[in-house]
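**Q** Can you read through this structure? Questions will come right after.
The values are calculated or read from the model by the stated rules, or taken from the named source; none is laboratory data. Bear in mind that the values here come from a model prediction, so they are computed numbers and not experimental data. Note: ideal-geometry Cβ built from the backbone for every residue, glycine included; neighbour counts use all protein chains shown. Side chains are part of the model used for accessible areas, which takes the heavy atoms of the whole protein and leaves out ligands, DNA and RNA. Shrake-Rupley method; radii C 1.70, N 1.55, O 1.52, S 1.80 Å.
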Amino acid sequence: MESTQLRLARRPVAEPDETTFETTTATLPALEDGQVLLAVRYLSLDPYMRGRLSTAKSYAAPVEIGQVMVGGTVGEVVESRYDGLQPGDLVLSYSGWQSADVVDGAAVRRLDPDAGPPSTALGVLGMPGFTAYAGLLEIGRPQPGETVAVAAATGPVGSAVGQIARIKGARAIGIAGGPAKVRALTEDFGFDVALDHRAPDFAEQLARATPDGVDVYFENVGGHVFEAMLPQLNKHARIPVCGLVAGYNASSAPAGPDRLPGFMAAVLTRSLVVRGFIQDEFTHSHGRDFVRDMGEWVRSGQVRYREDVVDGLENAPAAFAGMLRGTNFGKLVVRVS
Ligand code: NAP
């Protein structure tokens, strides 16, 4: 079987563009014992992939030039030499930006067809949903009556953060870009307050919407949203630092005065708890509870999700670049075949 593959061709300096990836075709090897052949059905596009395009020091190795771009996938077993999997089974794999793959059967997880549509294994019931669950509950620890704020709030992480905060009895402030997303925050996801970070008076709107301050700021974006948030943070506020997507394409330091002294003074005088995390550190401690709780919340409708499905692997590079600017509306997945 042949696999159409997108490989890293050139490291982008700022935004990824049409020269970042190149398309190649490979003939996959014959199966060995223990292996399965997968046809990739869905590819997840996630902000962390921007980091993999860079050689800057990070928590994971960069993708090498010429390497197939990495990514979480849902694959369908086409042929199996692994006892635990049959043709037709759907599995969660890490096949990356390609249409087919040969993998060890033991290295993939069979998806429960009753858990939800297959693509949700890449979103609300997968890595992004888990990120929201573990980061919010372990670090944010929202209490009834507290205020929780999150940006990129229609995305898979932010939308789950807001809804879980409400399940825990907190007031949820959602921040997104543009009127359609802002409307979805209250109408579809049940946030108490929805704000547009692109509004020229965003900082004033945030201050008016949080008269009692903010107890948990789940940091997804950084940039001007963080700057508006900092004055609103209460004493002992918790800040799970999950992502800083506003700066992923930055090619130079932000303009203006050094903000670090002001930030450190706020950390000191308001006893802020700032804790970065990468979701997989919580797999052992929170993985089981997540599967139970999130499964139940999605089934009961307490947690709703939205997907942005792009057709065709060839459209992955543009969709990925757009996500870093906010053109996606919901969990971005590519329907590969
Ligand atoms: P997402 O929300 O689907 O997509 C990113 C969103 O970021 C865009 O749609 C855009 O939404 C927003 N954005 C982009 N530039 C912005 C800016 N300058 N200011 C404010 N918002 C901006 O992404 P996701 O998958 O849910 O991920 C959200 C964050 O979580 C990312 O930072 C990601 O890196 C992080 N993350 C971390 C972990 C971990 O283990 N630590 C795991 C998964 C994800 P708007 O149009 O609404 O602005």
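**Q** Enumerate the pairs (first residue in the range 203-217 and touching a residue at least 24 places away in the same chain (Cβ under 8 Å); second residue anywhere and acidic (Asp, Glu)) with beta-carbon separation below 8 Å, excluding pairs fewer than 6 apart on the same chain, so at least 6 apart or on different chains.
**A** Taking only residues 6 or more apart or on different chains, the pairs are Ala203/Glu227; Asp215/Glu146; Val216/Glu146.
**Q** Continuing with this model, one more query. Collect the residues in the range 10-49 that are of a type in the set (A, V, I, L, M), buried (at least 17 other Cβ atoms within 10 Å of the Cβ) and not in a loop (DSSP other than H, G, I, E, B), keeping them in residue-number order.
**A** If the condition is that a residue be of a type in the set (A, V, I, L, M), buried (at least 17 other Cβ atoms within 10 Å of the Cβ) and not in a loop (DSSP other than H, G, I, E, B), then Val36, Leu37, Leu38, Ala39, Val40, Leu43, Met49 are the ones that fit.
**Q** Here's another thing I want to ask about it. Looking only at residues in the range 240-282 that are free of Cβ contacts under 8 Å to residues at least 60 places away in the same chain and β-branched (Val, Ile, Thr), which one is most open to solvent (accessible area, probe 1.4 Å)?
**A** Step by step, filter the range 240-282, then rank; the result is Thr269.
**Q** Hey, another quick one. From Gly330, Gly301, Gly262, Gly312, which residue is more than 14 Å from the ligand (Cβ to nearest atom) and closer than 25 Å to Glu187 by Cα?
**A** Only one candidate passes the filter, namely Gly301.
**Q** Quick test for you: out of Arg325, Arg288, pick the one residue that is outside any strand (DSSP E or B), out of contact with any helix residue (DSSP H, G or I) (no Cβ under 7 Å at 6 or more places or on another chain), away from the ligand (no atom under 14 Å from the Cβ) and open to solvent by 70 Å² or more (accessible area, probe 1.4 Å).
**A** Matching residue, one of Arg325, Arg288: Arg288.
**Q** Kindly indicate which of Arg52, Arg7 is surrounded by 17 or more Cβ atoms within 10 Å (Cβ to Cβ) and in contact (Cβ under 8 Å) with a residue 60 or more places away in the chain.
**A** On the way: Arg52 fails: in contact (Cβ under 8 Å) with a residue 60 or more places away in the chain.
Residue meeting the stated conditions: Arg7.
**Q** I'd like to verify a number: residues in the range 215-259 that are in contact with a Gly (Cβ under 7 Å, 6 or more places away or on another chain), near the ligand (Cβ under 10 Å from one of its atoms), of a type outside the set (A, V, I, L, M, F, W, C) and part of a helix (DSSP H, G or I), how many?
**A** Of the residues in that region, 2 qualify.
**Q** Further question on the same structure: Do you know which of the residues in the range 177-204 that are part of a loop (DSSP other than H, G, I, E, B) and within 14 Å of the ligand (Cβ to nearest atom) is most open to solvent (accessible area, probe 1.4 Å)?
**A** Arg198
**Q** Ser300 - would you say it is closer than 30 Å to Asp112 by Cα and hydroxyl-bearing (Ser, Thr, Tyr)? Full working, then the answer.
**A** On the way: closer than 30 Å to Asp112 by Cα: yes; hydroxyl-bearing (Ser, Thr, Tyr): yes.
Yes; evaluated as a whole, the condition is true for this residue.
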